[in-house]
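Read the structure below first, then the notes.
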Amino acid sequence: MAPSPLTGEPASAGQPPWAKALDHRDRGWWSDFAARTIVWLGGMSAILFIAAIFLFIATQGLEFMRHRLDIGAMLTGARWEPTVEPPVYGALPLIAGTAWITGVAMLIAIPLAFGAAIYIGEFARGKQREWLKIGIEMLAAIPSVVWGVIGLHVMKPIIQDVFGVQVGLNVLNAGIILGLMAAPIMATIAEDALKAVPDSYREAAEALGATRWQVVWKVVLPHARPGLSAAVLLGIGRAFGETIAVLMASGHRLMVPESIFDSAATLTATIAAELGEAAVGGDHYQMLFVLGLLLFVITFTINLLADWLVRGRRKSA
Amino acid sequence: MALHSRTTILSLPANATPAIEIVDLSLWYGKFQALHDVDLVIRSGIVTAMIGPSGCGKSTLLRSCNRINERLGYVTTTGTIKVLGHNIYDEEASRMQVRRQVGMVFQRPNPLPLSIRDNVLFGHRLHAVRRSSRADEEGMVEQALREVLLWDRVKDRLDRKATALSLEEQQKLCIARLLPTKPSVLLMDEPCSALDPEATSAVEDLIWDLRGNYSILIVTHNMAQARRASDECVFMLMGHVVEHTATERMFVAPKKQETSDYIEGRFG
Ligand SMILES: Nc1ncnc2c1ncn2[C@@H]1O[C@H](COP(=O)(O)OP(=O)(O)OP(=O)(O)O)[C@@H](O)[C@H]1O
Ligand SMILES: [Mg+2]
């Protein structure tokens, strides 16, 4: 019998000659195994952490939520007064504040981000394009407390002067700051969406006599729409979750704002401002965790939606 | 002078305005010179085939004729190209107007990710000052699709995505969408190379049918195709035009040694 070319041993009767070689656990096999395990753990840890955080937040507020909280009244209650006797936990001012500020932020961020993405993706060339991309990445890396300081010391006097209002820390200020913070990441994602549009479409449209603008407007943007929507959603998620900069720029007033010149408070800022003072395990403490849960659910939904938009559409295309 | 004449031009006298007149054209991609002092006259109303080994500059020359080459920022062109007597590289010439006069069909069918109808109307709508009435648009769509023999196959699904059509249908659609702006010249860069043999002959037949109404300049790698479906033939080599004669003469009695070497398959 001829020796197997792989193991040098004669092949045994039942198995094919290479079966043993496949089963052989040499150093290559072990390093491959180790690498796979580490990568697997890394991947799993993402899901694990999400689940753990969710459980933590949920359990901290669970007892209060189940026994002493009327969810409907909480969501619509216009007064958030946790420290008076008896305390009132109406989250409407926080929800409204968050919504107002996020809305203003998007009004500012969407044109900025899309403008930047279109310019970089469709018009800028070579070196200029690279520099702009680096610039945007650097903007995205500015710590949020710096943005807070800008709101506090730069935007505030500007708003007071330009609009002639008393209070410079308000929805407008926080919205501008958040808009500027969310724009870079939105621009990056939007630019990816534009880049994913095949160049042959642009070429085809140009060959039919379209100007560069017509190409962008009639071909590129419609085709990139799912990705652009995802960019907006992720921007909203970003604006929703931001804390310290809003706390500094919004004036943190616990009332439903009636115009963009009113101060306002957000869910995140309230949690950050009050959690340290609330007695651990008390009603106020638990209530803040309920707010956290609300935030978690909202941002989670937004992110899922964004993901679904990008992935679902790509599959069907 | 009318920009595009629709008479049957096959029997026109030789002094009729040529469809394309290329004078002393050189082109560089960055520092690399891809075309060297090309002089070429493409007659009106016939099919002219361009052949030559890979990399000799056929696509480059074709893409100069509607200035689509300029999409690349690093292309420099010298010389002139006249389309029906107008220099398209003139300072005043508008690239958009040129491309309306000179349609282009690409190697890979590239319908836009829109409906069949919107594809056909795309070029027209770009240039129309006002949006045409629905009835006018429908008429235009039907006429263009009939001209490429696609109407009966797609008339019931004009609102479907064009990208769902078969490759053959896509390529025919890509020809159809050039027609509503009434171009005089059609440039085609290996329009059949992505198609199977049956689709190839269908599209070839179509191109042959369009001859007369349009002046067609077509790049092909396929000797047999050039031979059976063109009136004149241009042979290029390393950025130069080596020979340009009537097709039957080129394949029977080429003037240049390089041409006969290429045709007999000795290189390329
Ligand atoms: N975008 C580009 N950038 C740089 N060089 C290019 C570019 N396009 C073509 N070239 C070069 O120009 C020369 C001519 O290319 P072209 O595509 O015109 O040849 P072709 O005759 O169409 O070849 P094929 O038969 O393979 O399509 C080649 O040497 C090619 O490498
Ligand atoms: Mg080519």
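Considered as a group, the residues in region A:222-254 that are open to solvent by 30 Å² or more (accessible area, probe 1.4 Å) and within 20 Å of B:Pro111 (Cα to Cα) include one that is nearest to the other protein chains (Cβ to nearest Cβ), and that residue is A:His223.
If I filter region B:172-181 for residues that are away from ligand 1 (no atom under 16 Å from the Cβ) and open to solvent by 70 Å² or more (accessible area, probe 1.4 Å), do I get at least one hit? The answer is no, given that none of the residues of region B:172-181 is away from ligand 1 (no atom under 16 Å from the Cβ) and open to solvent by 70 Å² or more (accessible area, probe 1.4 Å).
Evaluate the following for A:Ile101: is it within 23 Å of A:Leu295 (Cβ to Cβ), under 27 Å from the mean Cα position of the chain (by Cα), open to solvent by 20 Å² or more (accessible area, probe 1.4 Å) and modelled with pLDDT of 95 or more?
So A:Ile101 fails the test.
With the condition kept exactly as written, say whether any residue in region A:271-289 is within 14 Å of chain B (Cβ to nearest Cβ) and hydroxyl-bearing (Ser, Thr, Tyr).
no
Look at region A:131-156: where a residue is over 10 Å from A:Ile177 (Cα atoms) and a partner is open to solvent by 60 Å² or more (accessible area, probe 1.4 Å), sitting 6+ places away or on another chain with Cβ atoms under 7 Å, you get A:Ala140/A:Ile185; A:Val145/A:Ile244.
Against the definition (free of Cβ contacts under 8 Å to residues at least 12 places away in the same chain and either within 16 Å of ligand 2 (Cβ to nearest atom) or more than 11 Å from chain A (Cβ to nearest Cβ) (or both)), how does B:Asp152 come out, yes or no? In short, yes. Is it true that some residue in region B:72-93 is under 18 Å from A:Lys218 (Cβ atoms) and within 16 Å of ligand 1 (Cβ to nearest atom)? No, there is no match, as no residue in region B:72-93 is under 18 Å from A:Lys218 (Cβ atoms) and within 16 Å of ligand 1 (Cβ to nearest atom).
Just wondering, is there one or more residues in region B:117-139 that are within 16 Å of ligand 2 (Cβ to nearest atom), open to solvent by less than 30 Å² (accessible area, probe 1.4 Å) and aromatic (Phe, Trp, Tyr)? The answer is no, given that none of the residues of region B:117-139 is within 16 Å of ligand 2 (Cβ to nearest atom), open to solvent by less than 30 Å² (accessible area, probe 1.4 Å) and aromatic (Phe, Trp, Tyr).
Would you check if there is a residue in region A:113-125 being in a helix (DSSP H, G or I) and loosely packed, with under 15 Cβ neighbours inside 10 Å? Yes; the residues of region A:113-125 include at least one that is in a helix (DSSP H, G or I) and loosely packed, with under 15 Cβ neighbours inside 10 Å.
Specify which of the listed residues (B:Cys56, B:Cys65) is within 15 Å of ligand 2 (Cβ to nearest atom), crowded, with 20+ Cβ neighbours inside 10 Å and more than 14 Å from chain A (Cβ to nearest Cβ). Residue meeting the stated conditions: B:Cys56. Residues in region B:89-98: is at least one away from ligand 2 (no atom under 16 Å from the Cβ), within 12 Å of another protein chain (Cβ to nearest Cβ) and of a type in the set (Phe, Trp, Tyr)? No: zero hits.
Whenever a residue of region A:251-264 is at negative phi, its partners that are of a type in the set (Phe, Trp, Tyr), lying with C-beta atoms within less than 7 angstrom and at least six residues away or across chains, give the pairs A:Leu254/A:Trp80; A:Pro257/A:Trp100; A:Phe261/A:Phe163; A:Ala264/A:Trp100. Within region B:62-90, residues that are within 21 Å of B:Gln33 (Cβ to Cβ) reach partners that are β-branched (Val, Ile, Thr) and within 16 Å of ligand 2 (Cβ to nearest atom) with beta carbons closer than 8 Å, at six or more positions or on different chains, in the pairs B:Leu62/B:Val219; B:Asn69/B:Thr60; B:Asn69/B:Val75; B:Gly79/B:Val38.
Exactly one residue among A:Ala187, A:Ala204 is more than 14 Å from every other protein chain (Cβ to nearest Cβ) and open to solvent by less than 30 Å² (accessible area, probe 1.4 Å), and that residue is A:Ala187.
Restricting A:Thr270, A:Thr299 to those that are polar (S, T, N, Q) and surrounded by 19 or more Cβ atoms within 10 Å (Cβ to Cβ) reduces the list to A:Thr270.
The values are calculated or read from the model by the stated rules, or taken from the named source; none is laboratory data. Bear in mind the structure is a predicted one, so any value in this text is a computation, not a measurement. Using ideal geometry, Cβ is built from the backbone for each residue, glycine included, and neighbour counts are taken over all protein chains shown. All accessible areas refer to the heavy atoms of the entire protein, side chains included, with ligands and DNA or RNA removed. Shrake-Rupley method; radii C 1.70, N 1.55, O 1.52, S 1.80 Å.
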